[in-house]
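First comes the structure, then the notes that go with it.
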Amino acid sequence: MFRANWGSDMNNQSDSALSSSGMANLYSASTDQRMAHIAAGLKKRRAASRRLRLYGIAAILTALGFLFILLTTIVSNGYTALQQTEIAVSIEVPAEEIIDDSGAIDIEKSRNFNWGGLVKRSFRQNFPEVTGMLDQRSLGELLSANAGYDLRMQIEKTGIVEAGTKTYWMKASDDVDMLMKGRTDRTIDEKMRRIKNNQLVWFDKIVAEGSIRLAFNSTFFTAADSREPESAGVLGAVVGSAMALVVTVMLALPLAVMAAVYLEYFAPPGRLTDFIEVNVNNLAAVPSIVFGLLGLAVFLGFFGMPRSAPLVGGMVLALMTLPTIIIATRASIRAVPTSIRDAALGLGASPMQTALDHVLPLAAPGILTGTIIGIAQALGETAPLIMIGMVAFIVDVPTSLTDPATALPVQIFIWSDSAERAFYERSSLAIMVLLLFLISMNLTAVLLRRKFEKKW
């Protein structure tokens, strides 16, 4: 009996051991499968992470590549505009016709004198073989149409009329300028190019005599717009843009800050406040030309303000920039820790004192950053300024906010639409000037933020 029971117990123990061993093996197999599954999942996630990283790097490189192509195209087309072709002309100025009794230059006599005819007659003396009227006219086209005006400016600037013949460097025409810079293919058929074969012969003679040169184009930075590319500059457009931006900042910044402070601290909750907030956000996405139409209808049509004036342009740009600055200001105010406001209120400060004396100074970096970015955006706008007439041809540099003016982006638009290739060259250089302004303003925003930013 004992042996039988003992054998039965042994059998039961054996079965139990086998069962435990099977369960262990099963558990071990299940654990291995789970670990293998986890490892496979980790491998997939790591691979996905690597692909995402590569996609990001590829996107950045693609963007940088397109940016490089853009900048290379602009610079390659525009850097030559920094030089202007000039031709040496020997001229004898008749002093008796432009000076007064005291020996000084009489401005009235100087303005009435035929400077253009003097320049052309002096220039033709180097080509005695050119006798026909049409040939003489074609020869005179090698010089700028404003050569007489340039000579008068040189004489009046010095205030001295030298006796005898003197050599003056006069601007060449845009066709000669393009030929000198290698932007005109002289091998193509005469009908396909602006400069003619006889002009090429005269040009080669001038080059052989050493009477032509490439000089720094200071006119581009010191003059306003002109019908002639060699006499056109960006000073008028730059001054017009600066005046408009001053008006924009003076109007948009205080209004935006006050609106943001009111919406954040003093506006009662309700449908009216929600309606205002929604519309402020929506106005930030409205196309800029809509603001131009608004300025045309309200400022010009209803109030009768002067057309193409920097004052009107600044007001239109202020309306366009206002929502952007409001949104940036509200975000900056919300970024200030609430403990600052609670502490000020706890010490007895009024809500207005808390907002003006404590919150706004701490939110200033974000406000300045948003303002500069908004102004930089306004600087590059063209459509709203075109709608209020700042697309007009303006030959004078504006001296007041109500003088007719144009803006730099509008000037670029006008030049790029011109038929002369020299204007295309100058529009590229003007784009470089505009990009320099934009980069400077964005860099200023970054520096201001780093200077006034607080670490909490």
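Residues in the stretch 305-324 that are part of a helix (DSSP H, G or I) and polar (S, T, N, Q): 2 in all. Here residue 182 meets the list (1) out of contact with any Ser or Thr (no Cβ under 7 Å at 6 or more places or on another chain); (2) not assigned by TED's automatic domain parsing to the domain that holds residue 99 almost entirely, failing just condition (2).
For every residue, the table says whether it meets (1) closer than 29 Å to residue 141 by Cα; (2) free of Cβ contacts under 8 Å to residues at least 12 places away in the same chain; (3) surrounded by fewer than 16 Cβ atoms within 10 Å (Cβ to Cβ).
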residue: 95; (1), (2), (3): yes, no, yes
residue: 100; (1), (2), (3): no, yes, yes
residue: 119; (1), (2), (3): yes, no, no
residue: 123; (1), (2), (3): yes, no, no
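Exactly one of (1) within 25 Å of residue 252 (Cβ to Cβ); (2) surrounded by fewer than 19 Cβ atoms within 10 Å (Cβ to Cβ); (3) acidic (Asp, Glu) is unmet by residue 381. Its number? Failed condition: (2). Among the helices (runs of 4 or more DSSP H) confined to the stretch 147-232, the ones with at least 1 residues that are surrounded by fewer than 15 Cβ atoms within 10 Å (Cβ to Cβ) are located at 147-158, 197-209, 219-222. Whenever a residue of the stretch 59-75 is among the hydroxyl-bearing types (Ser, Thr, Tyr), its partners that are surrounded by 10 or more Cβ atoms within 10 Å (Cβ to Cβ), lying with C-beta atoms within less than 9 angstrom and at least six residues away or across chains, give the pairs 73/428. In the stretch 404-419, the residues that are within 17 Å of residue 228 (Cα to Cα) form Cβ pairs under 7 Å with partners that are aromatic (Phe, Trp, Tyr), at six or more places apart or across chains, as follows: 415/423; 416/424. For residue 393, the test of being under 17 Å from residue 288 (Cα atoms), surrounded by fewer than 19 Cβ atoms within 10 Å (Cβ to Cβ) and among the aromatic types (Phe, Trp, Tyr) is failed.
Over 26 Å from residue 77 (Cα atoms), modelled with pLDDT of 85 or more and surrounded by 14 or more Cβ atoms within 10 Å (Cβ to Cβ) - does that describe any residue in the stretch 407-423? Write out each step before concluding.
Just the residues of the stretch 407-423 that are over 26 Å from residue 77 (Cα atoms), to begin with: none.
Checked against the condition, which is being over 26 Å from residue 77 (Cα atoms), modelled with pLDDT of 85 or more and surrounded by 14 or more Cβ atoms within 10 Å (Cβ to Cβ), the stretch 407-423 yields no hits at all.
Of all residues assigned to the stretch 228-250, at least one qualifies as being at pLDDT 90 or above, within 27 Å of the chain's Cα centre (by Cα) and charged (D, E, K, R). Within the stretch 424-446, the set of residues being surrounded by 13 or more Cβ atoms within 10 Å (Cβ to Cβ) and closer than 30 Å to residue 340 by Cα comprises 442, 444, 445.
Looking across 56, 78, one residue alone is over 30 Å from residue 223 (Cβ atoms) and at pLDDT 90 or above. It is 56.
Among 328, 297, 284, 318, which is surrounded by fewer than 22 Cβ atoms within 10 Å (Cβ to Cβ) and under 27 Å from residue 364 (Cβ atoms)?
Numbers: 328 fails: surrounded by fewer than 22 Cβ atoms within 10 Å (Cβ to Cβ); 297 fails: under 27 Å from residue 364 (Cβ atoms); 318 fails: surrounded by fewer than 22 Cβ atoms within 10 Å (Cβ to Cβ).
Just a single option satisfies the conditions, and that option is 284.
A single member of 208, 224 is small (Gly, Ala, Ser) and in contact (Cβ under 8 Å) with a residue 12 or more places away in the chain, and it is 224. Condition check: out of contact with any Lys or Arg (no Cβ under 6 Å at 6 or more places or on another chain), without any contact (Cβ under 8 Å) to a residue 60 or more places away in the chain, at negative phi and not in a strand (DSSP E or B). Does residue 243 satisfy that? Considered against the rule, which asks whether it is out of contact with any Lys or Arg (no Cβ under 6 Å at 6 or more places or on another chain), without any contact (Cβ under 8 Å) to a residue 60 or more places away in the chain, at negative phi and not in a strand (DSSP E or B), residue 243 comes out as no.
The values are calculated or read from the model by the stated rules, or taken from the named source; none is laboratory data. The structure presented is a predicted model; accordingly, all values stated were derived computationally and were not measured. FYI the Cβ positions are ideal-geometry reconstructions off the backbone, even for glycines, and counts take in every protein chain you see.
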